[in-house]
Amino acid sequence: MKLSQLKTPMILLDLDALEKNIRGCASLCSSAGKHLWPMVKTHKSTALARMQRAAGADGFLCGTLDECEALLNAGLGPVMYAYPPAGEVNLRRSASLAASGHIVFRLDSFEAARALSDALVQAGAEAEYTIIIDSGLHRLGVPPCGCGELYRRISVLPGLKFIGISTHPGHVYSAINAEDVKIAAAGEHEAIREAIRSLGFTPPHVGTGSTPTAPMEADFPEVTHMHPGNYVFMDRNQIINGTALEGDCALTVLATVISNPAPGLYIIDAGAKCLGLDQGGHGNSAVKGFGRIIGMEDAVIESLSEEVGKVRAEGLGVGQRIRIIPNHSCSTANLTGWYTCIRGDEAVSLIEVDIRGNSNKPVID
Ligand SMILES: Cc1ncc(COP(=O)(O)O)c(C=O)c1O
């Protein structure tokens, strides 16, 4: 079917751009001798994880236990859970995943480690873990200089096997150009080196990753595992920080102009429930509005209601269709059940977003 015949709004996935992005990152990692364990929360789809696996990814980083479970069930392990599991129910579930599959945990406190160790022992399971270090995002993680001390405290706990360190330089998303990205990556590298110094030895697993810093991380000799996620789709944030060009962006929203209430003001049929309200997860002064209309760099999507958006632009017309690169494609992807895959101006297939947040039927009895 031609794009012109598709209903709007619709979330499109350009397969040519997607495949190029998947190949590009896989080849960056393999030529640098790094394992690629991409973050799957970007696309939340086992079909896309399979494409990444076919290109060379030999493990996956997951943002939720649902993602861990789905990938293990699909035979796509090993998986690593990006955040410390906590609370009785999540711990029991984590231990049961460890009893039946290869899941690596990330920890940043002795309390969380002790609770996980107890749950593992109770389930008769063992699991590998890494210590999260803070490389500049100031979210999770111990200061790099505290890594050795936490490792030594956790090492007495049964059920847990230390394999290394993990970090995510998410502070890079305040970057507004390639120079800022390099500065964030330099800080990330120094944090990794400091954590290794505090351990007193180089562990077998040193994992880090973000899409903008990936080319630099490939050159960090200590790094063994890379965890970029957004690279499969790219988005307007990556255009702003100099990582992507418009043509690299694989995920777009197809929308129709439905009204022209005043000169230069247009209403489109894509709102917050399609594009997402994300203006850069970690704050970026250069992100204005809610996406970039392809071929109309000066247009501004200035506000979004639930189902419609307000665009300041010249030269649009009621009934006209536009394609929008979202600010943050990971958030937009979570707002659809299906990617409509396109090649050129043809819609050619559908991919289910089968591990979408909160879309699993909950168990209540
Ligand atoms: C812990 C962690 N690792 C890796 C990534 C991947 O980063 P990016 O999407 O910039 O490639 C993320 C993304 O938010 C993350 O939270």
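The values are calculated or read from the model by the stated rules, or taken from the named source; none is laboratory data. A quick note: this is a predicted structure, and the numbers were derived from the prediction, not measured. In this analysis, Cβ positions are derived from the backbone assuming ideal geometry, glycine residues included, and neighbour counts consider all displayed protein chains. For accessibility, only protein heavy atoms count, side chains too; no ligands or nucleic acids. Shrake-Rupley method; radii C 1.70, N 1.55, O 1.52, S 1.80 Å.
Given the structure, is HIS225 modelled with pLDDT of 95 or more, open to solvent by 10 Å² or more (accessible area, probe 1.4 Å) and under 16 Å from the mean Cα position of the chain (by Cα)?
yes
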Sole residue being touching a Pro at 6+ places or on another chain (Cβ under 7 Å), small (Gly, Ala, Ser) and surrounded by 18 or more Cβ atoms within 10 Å (Cβ to Cβ), chosen from ALA98, ALA123, ALA112: ALA112
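Return the only residue of GLY295, GLY289 being surrounded by fewer than 19 Cβ atoms within 10 Å (Cβ to Cβ), of a type outside the set (Val, Ile, Thr) and part of a loop (DSSP other than H, G, I, E, B).
Working: GLY289 fails: surrounded by fewer than 19 Cβ atoms within 10 Å (Cβ to Cβ).
It is GLY295.
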Cβ-Cβ under 9 Å, sequence separation 6+ or interchain: first residue in segment 182-198 and in contact (Cβ under 8 Å) with a residue 24 or more places away in the chain, partner open to solvent by less than 20 Å² (accessible area, probe 1.4 Å) and of a type in the set (Phe, Trp, Tyr). Which pairs? ALA185/PHE220; GLU188/PHE220; HIS189/PHE220; ILE192/PHE220; ARG193/PHE220
In segment 36-67, which residues are under 14 Å from GLY207 (Cα atoms) and away from the ligand (no atom under 14 Å from the Cβ)? ASP58
Yes/no for PHE105 being out of contact with any Cys (no Cβ under 7 Å at 6 or more places or on another chain), open to solvent by less than 20 Å² (accessible area, probe 1.4 Å) and of a type in the set (Phe, Trp, Tyr): yes
Which strands (runs of 3 or more DSSP E) does segment 1-89 wholly contain that include 1 or more residues that are of a type in the set (Val, Ile, Thr)? 10-14, 79-81
Count of residues meeting criterion [out of contact with any strand residue (DSSP E or B) (no Cβ under 7 Å at 6 or more places or on another chain) and either open to solvent by less than 10 Å² (accessible area, probe 1.4 Å) or more than 20 Å from VAL142 (Cβ to Cβ) (or both)] in segment 200-217: 6
How many residues, within segment 131-177, are within 12 Å of the ligand (Cβ to nearest atom) and not aliphatic (A, V, I, L, M)? 11
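Restricting to segment 274-286, give me the number of residues that are open to solvent by 30 Å² or more (accessible area, probe 1.4 Å) and under 10 Å from HIS328 (Cβ atoms). It would help to see each step written out before you state the result.
So the first thing to find is which residues in segment 274-286 are open to solvent by 30 Å² or more (accessible area, probe 1.4 Å), and the list is 277-279, 281-283, 285-286.
Now restrict to residues that are under 10 Å from HIS328 (Cβ atoms): 277-279, 281.
Number of matching residues: 4.
Which members of segment 84-95 meet the condition of being open to solvent by 60 Å² or more (accessible area, probe 1.4 Å) and not acidic (Asp, Glu)?
Step one: of segment 84-95, the residues open to solvent by 60 Å² or more (accessible area, probe 1.4 Å) are 86, 88-90, 92-93.
Matches in segment 84-95: ALA86, VAL89, ASN90, ARG92, ARG93.
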Tell me, yes or no, whether segment 228-238 has at least one residue that is near the ligand (Cβ under 9 Å from one of its atoms), within 17 Å of ALA286 (Cβ to Cβ) and free of Cβ contacts under 8 Å to residues at least 60 places away in the same chain. yes
Please verify whether VAL181 is within 16 Å of the ligand (Cβ to nearest atom), in contact with a Pro (Cβ under 6 Å, 6 or more places away or on another chain) and closer than 30 Å to VAL232 by Cβ, treating the condition exactly as stated. yes
Being in a loop (DSSP other than H, G, I, E, B) and touching a helix residue (DSSP H, G or I) at 6+ places or on another chain (Cβ under 8 Å) is the filter here; which residues of segment 219-238 pass it? ASP219, PHE220, GLU222, VAL223, PRO228, GLY229, PHE233, MET234, ASP235
From the residues in segment 62-83 that are open to solvent by 10 Å² or more (accessible area, probe 1.4 Å) and out of contact with any Leu (no Cβ under 9 Å at 6 or more places or on another chain), which one is farthest from TYR129 (Cα to Cα)? ALA74
Picking from ALA49, ALA74, ALA26, the residue that is in contact with a His (Cβ under 8 Å, 6 or more places away or on another chain) and more than 22 Å from GLN122 (Cβ to Cβ) would be ALA49
Matching residues, segment 163-209, being modelled with pLDDT under 95, over 17 Å from the mean Cα position of the chain (by Cα) and of a type in the set (S, T, N, Q): ASN177
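Kindly indicate which of PRO326, PRO261 is on the phi < 0 side of the Ramachandran plot and open to solvent by 30 Å² or more (accessible area, probe 1.4 Å).
Details: PRO326 fails: open to solvent by 30 Å² or more (accessible area, probe 1.4 Å).
So the residue among PRO326, PRO261 that is on the phi < 0 side of the Ramachandran plot and open to solvent by 30 Å² or more (accessible area, probe 1.4 Å) is PRO261.
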Of all residues in segment 239-258 being in a loop (DSSP other than H, G, I, E, B) and open to solvent by 40 Å² or more (accessible area, probe 1.4 Å), the one that is nearest to LYS310 (Cα to Cα): LEU245
